[in-house]
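A.B. asks: Dumping the structure here so I can ask a few things about it.
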C-alpha cells in the first residue's frame, strides 16, 4: 500500500497564514496612508509658497508704485493685505505640519514601520517656515 502524504494543512496553519496576511495588508495600508499624508503636506508646502510669493509681490509692487508716484496716497490697506496673505501661508503650513506629525504618531502606534529617520517633507516644511519668517522680516525692514 502506498501511503498518502499529508498535503493538507491543518486549520491552525491556515488561520496563522491568514493572520499573517491580514497583518501584512494592515502594514501596507498604514504605509499608503503615511505616503498620502506626506502628499497632503507637500501640497500645503506648494500652496504656502504660492501665498508667500503673492503676498510679497503685492507689498513690493506697492512699494515700487509709492516710490514712482511721490505724493500719491498711501495704499496701507493693500500693503496690510499682502502681509496678511503671507501670515495665512505661514499659518496654513504650521497647521498642516502639526496635523501630519499627529497622523504619523497615531500610525506608528498602530504599527507603521519606520522607513527613514528624516522625513523630507518635514524638512522642507521647516525650511519654508523659515523663509516665510524671513519674508516678513524683509517687508518689515523696508
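A.B. asks: Which of the residues that make up the stretch 100-117 are more than 14 Å from residue 35 (Cα to Cα), assigned to a helix (DSSP H, G or I) and in contact with a helix residue (DSSP H, G or I) (Cβ under 8 Å, 6 or more places away or on another chain)?
C.D. replies: 110
A.B. asks: Tell me, yes or no, whether the stretch 50-59 has at least one residue that is buried (at least 16 other Cβ atoms within 10 Å of the Cβ) and modelled with pLDDT under 85.
C.D. replies: No - not one qualifying residue is present in the stretch 50-59.
A.B. asks: May I ask you to say which residue of 48, 57 is over 21 Å from the mean Cα position of the chain (by Cα) and assigned to a helix (DSSP H, G or I)? If you could, list the steps in order and put the result at the bottom.
C.D. replies: Details: 48 fails: over 21 Å from the mean Cα position of the chain (by Cα).
Of 48, 57, the one residue that is over 21 Å from the mean Cα position of the chain (by Cα) and assigned to a helix (DSSP H, G or I) is 57.
A.B. asks: Further question: For the structure I just gave you, tell me whether residue 37 is farther than 30 Å from residue 81 by Cα, part of a helix (DSSP H, G or I) and either modelled with pLDDT of 85 or more or touching a helix residue (DSSP H, G or I) at 6+ places or on another chain (Cβ under 8 Å) (or both).
C.D. replies: On the way: farther than 30 Å from residue 81 by Cα: yes; part of a helix (DSSP H, G or I): yes; either modelled with pLDDT of 85 or more or touching a helix residue (DSSP H, G or I) at 6+ places or on another chain (Cβ under 8 Å) (or both): yes.
Yes, satisfied.
The values are calculated or read from the model by the stated rules, or taken from the named source; none is laboratory data. If you're wondering where the values come from, they're calculated on a predicted model, not measured in any experiment. Neighbour counts run over all protein chains shown; Cβ positions are idealised from the backbone, glycine included.
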